[in-house]
1. Can you list the residues, at least 5 places off or on another chain, whose amide H is less than 5 Å from the amide H of Ile138, using H built in the peptide plane?
2. I want to make sure I understand the PRE zone here: with the label point 7 angstrom from the Cα of Ala79 toward its beta carbon, which residues in the stretch 95-120 have backbone N atoms less than 19 Å away?
3. One quarter of the convex hull surface, Cα atoms only: what value does that give for the stretch 64-184 in nm²?
4. Mind giving me the nanometre distance, one decimal, between the label points for Ser31 and Arg48, set 7 Å out from Cα along Cα→Cβ?
5. What length, rounded to one decimal in nm, is gained on full extension from Ser107 through to Leu155, with 0.36 nm per residue of separation minus their alpha-carbon distance?
6. If you roll a 1.4 Å probe over the heavy atoms of the protein chains, what accessible area per residue do you get for the stretch 103-156, in Å²?
7. From the phi angles alone, apply the Karplus equation (6.51, -1.76, 1.60; θ = phi - 60°) to the stretch 121-134 and give each ³J(HN,Hα) in whole Hz, x where the residue is Gly or Pro.
8. Separation between the Ile13 and Glu124 pseudo-spin-labels, each 7 Å from Cα along Cα→Cβ, expressed in nm?
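The values are calculated or read from the model by the stated rules, or taken from the named source; none is laboratory data. Quantities reported herein were computed from a predicted structural model and do not represent experimental measurements. Glycine also receives a Cβ, built like all others from the backbone with ideal geometry; neighbour counts cover every protein chain displayed. Side chains included, ligands, DNA and RNA excluded: accessible areas come from the protein's heavy atoms. Shrake-Rupley method; radii C 1.70, N 1.55, O 1.52, S 1.80 Å.
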Amino acid sequence: MHKPVSAADPRVIRSKTALREALLQLMAQKSFTSISITDIVKHANYNRGTFYANYANKEELLGDMITELIKDLLQSFRAPYEKATVFFPHELHANSIMIFDHIAQHSNIYGVLAKSDALPILREKMFISLKQILMEEIVYEDTDVDQELLVIYSLHALLGLIFHWIDSGFVHSPSYMQEQLVKILNHCPTSTKMSIKTRP
């Protein structure tokens with residue numbers, strides 16, 4: 001009797017990785033909308049049966065690639081406050097900011113996606129994911145500013161900085177970007193205290 005293949009099966013992991021890499025390589029050459037599933041499987045050295053065993057369509061494959069990327073993004077974003085109970089943004093140390101290290105480690109993916117027609121999808125997923133953890137995990141105290149509006153304002157500023165860095169071809173090092181972010185925060189200082197909510 002044929003046993004169902006687990007998502008943790010090395011063959012599944014291997015085929016998914018190959019399909020993601022093939023899509024990324026193709027997106028470096030042409031638009032996502034012009035890429036076919038046949039293009040992807042040929043580039044990955046697999047057949048269409050393998051593709052459909054893992055994904056319903058190329059949009060799902062792209063979504064899987066971005067989801068994996070964002071999982072690591074969120075972990076790096078949490079680094080400055082993950083062990084804290086109270087957090088003052090203006091007291092951030094540059095070496096505690098890990099998000100630029102994450103971007104640099106995955107610069108090949110971000111670089112291709114930022115120049116592709118899939119950029120709006122990436123930006124939206126980044127924004128939604130970061131907004132969710134900020135709204136769920138942090139309480140802004142001692143302020144009469146609407147918390148959601150403050151989060152939206154802050155995230156658009158951060159993402160603008162990140163994508164400017166990507167678009168520049170990573171002209172500065174991650175450590176330089178971290179130092180500059182701290183200086184920007186201190187240039188417009190806030191004494192707002194942020195309490196970290198207990199996460200499950």
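1. Residues meeting the amide H criterion: Lys197.
2. 95-111
3. For the stretch 64-184, averaging the hull's shadow over all directions gives 7.5 nm².
4. For Ser31 paired with Arg48, the spin-label model returns 2.4 nm.
5. 15.3 nm
6. That works out to 55 Å² for each residue.
7. 5, 4, 4, 5, 5, 4, 4, 4, 5, 5, 4, 4, 6, 5
8. Using points 7 Å along Cα→Cβ, the separation is 3.2 nm.
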